[in-house]
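Written below as structure tokens is the structure these notes are about.
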Amino acid sequence: MSSDPEACVPERYELREAAARHFTVNRREFLETVGAGLLIVVTAPSASGQGGAAGGTLEARLHIGEDGSIVLLTGKVEEGQGPRTELAMAAAEELRVPLDRVKVVMADTDLSPNDGITAGSRTTPGTVPVVRKAAAAARELLILVSSRQLNLARGPLEVRDGTVTAEGRRFSYADLAKSAELAAAYREALPPDTVLTPARNWQVLGTPHARLDGRSIVTGSHRYPSDIVRPGMLYGSVLRAPSYGAALSSVDLSLAQKMPGVRVVRDGDFVGFAAQTSFAARKAVEAASAAAIWKTVEQPSGDVLFEYLKEHAREDAQRPRGSARGSVEGELKQAARRLKATYKVAYVQHAPMEPRAAVAEWKDGLLTVWTGTSNPFGVREQLAQAFSLGQDRVHVIVPDMGGGFGGKHTGEVAIEAARLAKEPGRPVSLRWTRAEEFMWAYFRPAALIEVEAGLDAGNSIVAWDFANYNSGAAALDTPYRISNTRVRFLESESPLRQGSYRCLAATANNFAREAFTDELAEAAGRDPLEFRLAHLDNERIKNVLTAAAERFRWSERRKKRRPGIGVGLACGTEKNSVVAACVEIEIDPADETPRLVEIVEAFECGAILNPSNLKSQVEGCIMMGLGPVLREEIRFRDGGLANGTFAEYRVPRFRDVPKMEVLLLDRKDLEPVGAGETPIIVVAPAVANAVFDATGQRVRSMPLRAARG
């Protein structure tokens, strides 16, 4: 069983899938790569989740070379959220060195420790502390060795700019790596109470830093997975089914086999081609597609999606997903007012800038794959299973990639590239087209959510019943003070392949909860802000809600009634961070669609590690969250997509960017927690509530269909 907590999240459907394909069919020495020096290791949790020397494994984390070079090793992936810079900052802080002294090696299964999947905003609360502990251990080791050299007590010695200076002598990390005293010192157990630098004393952490790889990104010199080139490399393309669930009955490959330079690979129902150019490979696919016969199966249509999800839902009596307290039914019956509503959330695509891509190379029975994935060690396992290899015969490398948003946890493109490369014995680059990414990548799950609640005579919420069909349990429970609650997640048989998406089902659950909370506020005759504050005990949520409302001037602007203009707000918590937003929208009189004019969002995730990067993450969440609110939805019928292009599936454009103000509440008294996902969850309900303010019409669907007349 995986020790990675993110692998056990119920709505990560994609991680439950069988290997994409099965085909019939030493670990590299780190010190040979980086040279002699000091290698700091840490104890990793065992498969049972228990740490300690007995239950865990020792993994390389930090290498200090004899030349003073510092290399940080992590299995996390850089997909645009900034962990490369954040982790380097964490090491630099504890090592007491400038940031540019730290080089970071990421997501290389032969070199990096297995830090688990890059998901669930776990890098900050999970990996950053481990990096800081390893760096602090190296710092203490430098002080220890220096004190022995000088015959001084530990007390007066400090590391500044990577150096210990005392009695006219200087000791650096390079000296530490070459020290004759090191062997004896390193055999001793490092102090278990190694002190980490408190947030109030941070010098590197807590201050704004640009991305370490920013220059290569903006100049175009960075090589993404789709840019990797190997000597003698071919380009691949794969024959795809015409619809979901279709099986290949027969195919005539004779025309493709006659094409100059085209290598044909047929293995069961897998048919692919490798050629000198991607154009030639795709021409071979076109020829094979025209000569292929498929057995299709009937598929549900998007027109009946939500009825289908409810009809095929099931509640696992052995493992119920949800919670209950008090007597919901009893309080609903006695409530002074009782409200009920149903919310619908469409499937959406991740639409990363870089579609799936991989380069695979076989050499001496070893398989090396460069690919874009958030899950390098999981993909290594999938490759090993597909080709009946030991995992020590598979090497996965993830160059910093062009976006994932939860959509690249699986290894299908890596497996396909490896199968295409095996027969010709040459490296093969396989890059999914945008159409393939739309059709065959998994989607954010659709959701049907039913909510019912009761108000007592004093207009307090006394009963709450909330059921999510299909999408998941993230942020399922209510943060409001309600004595009698029942919340449930019921899995369903999804018509489309579905899986992780930024903040998982919290986007759907918070949309329904916060939109319905506004309906309760209206029924109670209370201002939405006052109503929420009256039901909140969570001081952190109160703080962000109050901060956003004050900066937005909520009370003042809510009193101003202007035709076609509305204001709304929402708040929530997930990943142990808290967020609130106030928005102003205007209604387009031509088609009655809303346009987000302004948003003020307040966010708190404990002590802030990199303020500039955090601000970018919040702004990115706002824009990504706006797409499914206004337009994004996957339409499907007859086993295929009806809008699988950017011309028809419209992600936010530059003209959709509103006036944005981000308020970051820095809590140096709290541990840093995840920040890359939670800010997305308040965008949809805040806009929906503003639409009601402008039109008097409740919108209970994403995208906001009801606002169209």
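The values are calculated or read from the model by the stated rules, or taken from the named source; none is laboratory data. Source: prediction; values computed, not measured. So basically every Cβ, Gly included, is an ideal-geometry build from the backbone, and we count neighbours across all protein chains shown.
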| task | Could you name every one of the strands (runs of 3 or more DSSP E) located completely within region 161-280 that has at least 1 residues being of a type in the set (S, T, N, Q)? | result | 163-166, 169-172, 234-238, 247-251
| field | Filter result (among the basic types (Lys, Arg) and either over 22 Å from residue 678 (Cβ atoms) or not assigned by TED's automatic domain parsing to the domain that holds residue 671 (or both)) within region 519-567 | value | 526, 553, 557, 558, 559, 560, 561, 562
| message | Residues to consider are 99, 95, 144; find the one that is of a type in the set (A, V, I, L, M), more than 16 Å from residue 203 (Cβ to Cβ) and in the same structural domain as residue 198 (by TED's automatic domain parsing). | response | 144
| request: Please tell me if residue 691 is assigned to a strand (DSSP E or B) and either of a type in the set (Val, Ile, Thr) or under 15 Å from residue 593 (Cα atoms) (or both). | output: no
| task | Give region 389-405 a look and list any residue that's surrounded by 23 or more Cβ atoms within 10 Å (Cβ to Cβ) and not β-branched (Val, Ile, Thr), or say none. | result | 401, 404, 405
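Can you tell me which residue in region 635-673 is farthest from residue 543 (Cα to Cα), limited to those that are part of a loop (DSSP other than H, G, I, E, B) and touching a Leu at 6+ places or on another chain (Cβ under 8 Å)?
The residue in question is 635.
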| field | Listing of strands (runs of 3 or more DSSP E) fully contained in region 376-466 that carry 2 or more residues being among the β-branched types (Val, Ile, Thr), out of contact with any Pro (no Cβ under 7 Å at 6 or more places or on another chain) and under 30 Å from residue 522 (Cα atoms) | value | 447-455
| field | Given (1) touching a helix residue (DSSP H, G or I) at 6+ places or on another chain (Cβ under 9 Å); (2) surrounded by fewer than 20 Cβ atoms within 10 Å (Cβ to Cβ), number of the condition residue 386 does not satisfy | value | (2)
| task | Return a yes/no flag: does region 198-209 have any residue that is in contact with a strand residue (DSSP E or B) (Cβ under 6 Å, 6 or more places away or on another chain) and either in the same structural domain as residue 99 (by TED's automatic domain parsing) or modelled with pLDDT of 95 or more (or both). | result | no
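Is it the case that residue 486 is in contact with a helix residue (DSSP H, G or I) (Cβ under 6 Å, 6 or more places away or on another chain) and outside any helix (DSSP H, G or I)?
yes
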| query | Does any residue in region 283-295 that is in the same structural domain as residue 249 (by TED's automatic domain parsing) and buried (at least 16 other Cβ atoms within 10 Å of the Cβ) come within less than 6 Å, Cβ to Cβ, of a residue that is part of a strand (DSSP E or B) and polar (S, T, N, Q) six or more places away or on a different chain, and which pairs are these? | reply | 285/237
| said: Based on this model, can you work out whether residue 332 counts as assigned to a helix (DSSP H, G or I) and in contact with a Ser or Thr (Cβ under 7 Å, 6 or more places away or on another chain)? | reply: no
| said: Restricting to region 561-594, and then to whatever is charged (D, E, K, R) and in a strand (DSSP E or B), can you tell me which residue is farthest from residue 692 (Cα to Cα)? | reply: 574
